[in-house]
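To start, the structure under review is shown below, and the notes come after it.
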Amino acid sequence: MISKTIEKALNTQINAEFWSAYLYLAMSADMAHKNYKGMANWYRVQHQEELDHAYMMMDYLIRRGGKVVLEPIANVPSEWATPQQALAETLQHEQKVTQLINNLYATAESEKDYATRQMLNWYVAEQVEEEDSVQDLVDTLMRIGDDPTGIYKFDLEQAKRTYTPASKG
Ligand code: OFO
C-alpha cells in the first residue's frame, strides 16, 4: 500500500509527464507547419516517449494499490519562431522536469518508500539522457548558426529518429 503523500506526488508527476507530451506534440505540429519535417518527427517521437513516462508511472501507482487521478492538462504554447527557439525551451523544460523528479525522489526518501525510490531511479537516469541529447542538438544548431544549408541538413538528420517504447529501451 502506498501513502497518500506519495500517491498525490505521483499523480502530480503523471500530470507533468502528460503536459510534457502535450508540449512536444504542439512543437511537432508547429515545426511541421513551418516545414521542418525532421524536427516535426523528432518532437513526435519525444511526445511518444513522454506518454510512456506517464503510463509507466500510472502502472506503478496501480500496482502499489494507489488511485490514479487524471487532472486536466494545462494549455501549451503553439508557436516557436525557429527550431533553435523550440530546442532552447525544450532544454529548459527538461531541466525543470529533472528538478521535479529529484523532489519526488526526496519525498520518497522522507516517506521511507523505498519501492518508489527504486522505481524513480529509471526516471533519474532518463533525465540525464534527456538533458544530454537536447543539449547536443542545441550546441549543434549554435555551430550551424544562420547557415541555411546547415539547418537543412540538421533537419534531415532529425527525420531519422525512431520511437522505441520505454519498456524496450
Ligand atoms: Fe518525461 O522526461 Fe521529458 O519531460
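From the helices alone, meaning DSSP H stretches of at least four residues, give me the mean residue ellipticity at 222 nm for the chain, per-run term -39500 (n - 2.57), in deg cm²/dmol to the nearest 500.
Values: 5 runs with 127 residues, N = 169.
Taken over the chain, the calculation gives -26500 deg cm²/dmol.
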Springs between alpha-carbon atoms under 10 Å, Gaussian network over the chain: tell me which of Asp132, Asp30, Asp146 tops the mean-square fluctuations. Asp146
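Given contacts defined as C-alpha pairs under 8 Å and at least six residues apart, what's the relative contact order of the chain, whole-number percent?
31 percent
What percentage of the solvent-accessible surface of region 4-158, computed with a 1.4 Å probe over protein heavy atoms, is contributed by carbon and sulfur atoms?
It is 54 percent, rounded to a whole number.
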Express the relative contact order of region 1-91 as a whole percentage, based on alpha carbon pairs under 8 Å and six or more residues apart in sequence. 41 percent
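Can you give the accessible area per residue of the chain, in Å², using a 1.4 Å probe? Could you put the intermediate results ahead of the total?
Details: 9340 Å² over 169 residues.
Ligands and nucleic acids excluded, the figure is 55 Å² per residue.
Loop only per DSSP, at most 13 neighbouring Cβ atoms within 10 Å: give me the trypsin sites (Lys or Arg not before Pro) in region 106-161, ordered by residue number. Please list the in-between numbers first.
Working: sites: Lys112, Arg117, Arg143, Lys153, Lys160, Arg161; in loops: Lys112, Lys160, Arg161.
Sites meeting the loop and neighbour criteria: Lys112, Lys160.
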Computed about the Cα centre, the charge dipole of region 1-61 from +1 Lys/Arg and -1 Asp/Glu charges at the Cβ has a magnitude in debye, to the nearest 20, of 180 debye
Lys34 versus Lys8, label points 7 Å from Cα toward the beta carbon: distance in nm? 4.0 nm
Ala74 and Ala106 label points (each 7 Å along its Cα→Cβ direction) are spaced in nm at 1.9 nm
According to the Kirkwood expression over distinct Cα-Cα pairs, how big is the hydrodynamic radius of the chain, in Å? 16.9 Å
Take a quick pass over the chain and tell me how many lysine pairs come in under 20 angstrom between Cα atoms, counting only ones 8 or more apart or on separate chains. 11
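The values are calculated or read from the model by the stated rules, or taken from the named source; none is laboratory data. Remember, it's a predicted structure, so these values are computed and weren't measured experimentally. Neighbour counts run over all protein chains shown; Cβ positions are idealised from the backbone, glycine included. Accessible surface is based on the protein model in full, side chains and every heavy atom, while ligands, DNA and RNA are left aside. Shrake-Rupley method; radii C 1.70, N 1.55, O 1.52, S 1.80 Å.
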